[in-house]
Amino acid sequence: MDRLAWLIIAQNPALGAFMSQIRHGDRLARETAISEAYLLGSAAIIPLGETLGGEDPAAAKAAQYALEAAVHHASRPGAPAEVEAATNALLTLTDRKYPWKVRSTALHLLGLVGGRTAVPTLERLLADTEVREDARMALERIPHRAAEAALRRAAATAPADFRAALQQSLRQKRSSPRTVGTTR
């Protein structure tokens, strides 16, 4: 676990106990921790991401479920400060120092909770062949014009093997129930 995760845990004893359950607990302890992940909020995101990238498969799976629960809770209506904190923590997890699984999961969740502030980082990640598909899908899901503009800029300069995917994302962003034929 890196220094940032340890610092976050050191400042929050409840988070330390929670992470101990995720990393070292038995099945019941992990299930309990997952069900209570939302109580810790965005402070748990980076330590959970670190555990997700670890070598213990049971701890990694528990960390992924808890991470998803914490992010989904943070993205609830009426909690803009939590959305911002979750977005910032997830953006931290997109750094190249983290394994692909952590980066991919963070990008997926950014597509659900991220907004305009996530777009510049996501746009830069379109050039990273390891996670460019994940970044593209996150931008496709973010309902902001800045996300569409980032996809448009990337499509203009992308290599041929990735350009078609970017163009598909642009078509998807312009789609509506009416244009796909689900309403009259």
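Is one or more of the residues making up segment 23-35 surrounded by 14 or more Cβ atoms within 10 Å (Cβ to Cβ) and closer than 16 Å to Tyr98 by Cα? The answer is no, given that none of the residues of segment 23-35 is surrounded by 14 or more Cβ atoms within 10 Å (Cβ to Cβ) and closer than 16 Å to Tyr98 by Cα.
Restricting attention to segment 50-89 and to residues that are in a helix (DSSP H, G or I) and among the hydroxyl-bearing types (Ser, Thr, Tyr), the residue that is surrounded by the fewest Cβ atoms within 10 Å (Cβ to Cβ) turns out to be Tyr65.
Residue by residue through segment 136-160, note down the ones that are surrounded by fewer than 13 Cβ atoms within 10 Å (Cβ to Cβ), under 21 Å from the mean Cα position of the chain (by Cα) and part of a helix (DSSP H, G or I). Once the filter is applied, which keeps residues that are surrounded by fewer than 13 Cβ atoms within 10 Å (Cβ to Cβ), under 21 Å from the mean Cα position of the chain (by Cα) and part of a helix (DSSP H, G or I), segment 136-160 yields only Arg145. For segment 15-34, the set of residues classified as of a type in the set (Gly, Ala, Ser), assigned to a helix (DSSP H, G or I) and more than 23 Å from the chain's Cα centre (by Cα) consists of Ala17, Ala29, listed by residue number. Only residues that are surrounded by fewer than 20 Cβ atoms within 10 Å (Cβ to Cβ), outside any helix (DSSP H, G or I) and modelled with pLDDT of 95 or more were counted across segment 99-130, and they come to 5.
The values are calculated or read from the model by the stated rules, or taken from the named source; none is laboratory data. As the structure is a computational prediction, the values presented were derived from the model and not from experiment. Glycine also receives a Cβ, built like all others from the backbone with ideal geometry; neighbour counts cover every protein chain displayed.
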